[in-house]
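Notes to accompany the following structure.
The values are calculated or read from the model by the stated rules, or taken from the named source; none is laboratory data. Computed from a predicted model, the values in this text were never measured in an experiment. Cβ coordinates were reconstructed from backbone atoms using ideal geometry, including for glycine residues, and neighbour counts include every protein chain displayed.
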Amino acid sequence: MSDQKKDSFVTEITPRSEDFSRWYLDVVRRAEMADYSPVKGCMVIRPYGYAIWEHIQRLLDKRFKDTGHVNAYFPLFIPESLLNREKEHVEGFAPQVAWVTRGGDEELEEKLIVRPTSEVLVGTMYAKWIKSWRDLPVLINQWANVVRWEKVTRPFLRTTEFLWQEGHTAHETAEEAEEETLKILALYKGFAETELAMPVVDGVKSDSEKFAGASRTYSIEALMGDGRALQAGTSHNLGQNFAKALEIQFQGRDKALQHVWTTSWGVSTRLIGGLIMTHGDDSGLILPPAVAPYQVVIIPIMRGNWKETVLPKVMAIRDELTARGIRVKVDASEENSPGWKFAEWELRGVPVRLELGPKDLEKSQVFSARRDTREKAAIPFDGLADRITTLLSGIQANLLARARQYREEHTSEVSTWDEFVAAMAGRPGFVIAAWCGSADCEAQIKTETQATLRNIPLGSPRIEGKCVKCGQSAGVKAWFAKAY
Ligand SMILES: [Zn+2]
């Protein structure tokens, strides 16, 4: 390893409290998650970051398959005329579309867009494939990349090209489409909380924040370590809007020709940004074991004849843990000191570090350090795999509990506009307030405080309140925050 590389690790990461956004970029770069590409706004996802994405894909894909969905792949290019079919959709996406106008030397007869999302293309195919109620439901997901021309970008959170999954389903009835939309929202919430240890608020978006062309958009919203919210996933009930625009029709049980009801839903590499900002600290990343590229790193203490004594035991421990399905990295490189390695693997957020030296070997034990609490303990060789398995699930649970507690401490409820302004200025986080349902009030709130309406949580009771902005009668309480 070059001296230059060593130096870059020795250099401190900007403390979170000093400059959160600098801290974020430092962590992304130093943990080798991603790097900037020659094209402005695009990022290269490096192997350590991509390994996290692979775990996200694997775990989500299982949940999709378990609920009856199948994967397919649709092309990257969409003809201009197709995008124009759904009016609200084209208005929503046109400003961010990348165009292909030439193929080799020839000007194209019809311009193509690089997909920003695939509703119109998928819908066009569904119009060909769906003939009868017997063909329904269609439950297809695709893992793909999309392009949205962004002016201000930040690795994982907002980039011109990003990776995601987009589900597209078609149903016989409005009820079934709504059921699917909510089923996926619950699936996303379960995944975010169980595997990413990231608590989320699941609810419905206001009309002004809904997906272009949707009847109703639901989202999961997480709270980041700087008190800003992150929309971590969305599920859209598209009603018959796309079915009518694209003529997706089927013969019903009563033989009458009718339009299908469709949904679409997605999460992206943005989740990785969410992970970093939910759990990380001044030493770098803290990864939940479920998606950590390495769950355990073993560092041999290089003393005396360690290669003949310590190293074989380290390898035996690695094999024992690997056999139990634990992802293990052994760092036996000789050019770096153990202290340097501790800092490096801490920076990369590995949940458990094990150290083994000649003295530990004599005592038949290994020394462990948790990344989340920094607790240290000696663990006997006997029963080690069981102890590590328990330790990893303890870390996973602790990260979720900690993030929940943080969210509770950063959520407040207000009833007057003065309180709202004070809460948004002083202590960022979620602020709950009654809202009349008007887009004007929502826009004014945003202009005056930078806060946006994140969502109205599912199961929110109807209230008889007064809108925090205009004082008119309000039937619901909404969750507001400054957001990414
Ligand atoms: Zn109002």
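Which one is farthest from MET224 (Cα to Cα), of the residues in region 465-484 that are within 11 Å of the ligand (Cβ to nearest atom) and outside any loop (DSSP other than H, G, I, E, B)?
SER473
Among the residues of region 424-445, how many are of a type outside the set (Ser, Thr, Tyr), at pLDDT 95 or above and more than 20 Å from VAL201 (Cα to Cα)?
Of the residues in that region, 7 qualify.
Looking at VAL201 and the list (1) closer than 30 Å to GLN396 by Cα; (2) in contact with a helix residue (DSSP H, G or I) (Cβ under 8 Å, 6 or more places away or on another chain), which single condition is not satisfied?
So the condition that VAL201 fails would be (2).
For region 452-464, which positions are crowded, with 18+ Cβ neighbours inside 10 Å and either of a type in the set (Val, Ile, Thr) or within 15 Å of the ligand (Cβ to nearest atom) (or both)?
Residues satisfying the conditions are THR452, LEU453, ILE456.
Hey, among SER333, SER368, which residue is under 24 Å from ALA290 (Cβ atoms) and either touching a Cys at 6+ places or on another chain (Cβ under 7 Å) or among the polar types (S, T, N, Q) (or both)?
Details: SER333 fails: under 24 Å from ALA290 (Cβ atoms).
Within the list SER333, SER368, the selection yields SER368.
Quick test of your reading of the structure: VAL120 fulfils all but one of (1) over 21 Å from the mean Cα position of the chain (by Cα); (2) surrounded by 15 or more Cβ atoms within 10 Å (Cβ to Cβ); (3) β-branched (Val, Ile, Thr); (4) assigned to a strand (DSSP E or B). Name the failing condition by number.
Unmet for VAL120, out of (1) over 21 Å from the mean Cα position of the chain (by Cα); (2) surrounded by 15 or more Cβ atoms within 10 Å (Cβ to Cβ); (3) β-branched (Val, Ile, Thr); (4) assigned to a strand (DSSP E or B): (4).
How many residues are surrounded by fewer than 22 Cβ atoms within 10 Å (Cβ to Cβ) and either more than 26 Å from LYS446 (Cα to Cα) or of a type in the set (Ser, Thr, Tyr) (or both) if we restrict to region 196-233?
Number satisfying all stated conditions: 3.
For region 37-49, give me each residue that is surrounded by fewer than 22 Cβ atoms within 10 Å (Cβ to Cβ) and either of a type in the set (A, V, I, L, M) or free of Cβ contacts under 8 Å to residues at least 12 places away in the same chain (or both). If you could, list the steps in order and put the result at the bottom.
In the first step, residues of region 37-49 are kept if they are surrounded by fewer than 22 Cβ atoms within 10 Å (Cβ to Cβ); the result is 37-42, 44-48.
Once the filter is applied, which keeps residues that are surrounded by fewer than 22 Cβ atoms within 10 Å (Cβ to Cβ) and either of a type in the set (A, V, I, L, M) or free of Cβ contacts under 8 Å to residues at least 12 places away in the same chain (or both), region 37-49 yields SER37, PRO38, VAL39, VAL44, ILE45.
Evaluate the following for ARG158: is it surrounded by fewer than 20 Cβ atoms within 10 Å (Cβ to Cβ) and more than 21 Å from the chain's Cα centre (by Cα)?
For ARG158, the condition - surrounded by fewer than 20 Cβ atoms within 10 Å (Cβ to Cβ) and more than 21 Å from the chain's Cα centre (by Cα) - is not met.
What pairs come out if I take residues in region 428-442 that are under 14 Å from SER415 (Cα atoms) and more than 7 Å from the ligand (Cβ to nearest atom) and pair them with residues that are assigned to a loop (DSSP other than H, G, I, E, B) and aliphatic (A, V, I, L, M) whose C-beta lies under 8 Å away, six or more apart or interchain?
Going by the 8 Å Cβ cut-off, the qualifying pairs are VAL431/VAL414; VAL431/ALA451; ILE432/VAL414; ALA433/VAL414; ALA433/VAL468; ALA434/ILE463; ALA434/VAL468.
THR411 passes all but one of (1) within 16 Å of the ligand (Cβ to nearest atom); (2) in contact with a Phe, Trp or Tyr (Cβ under 6 Å, 6 or more places away or on another chain); which number fails?
(1)
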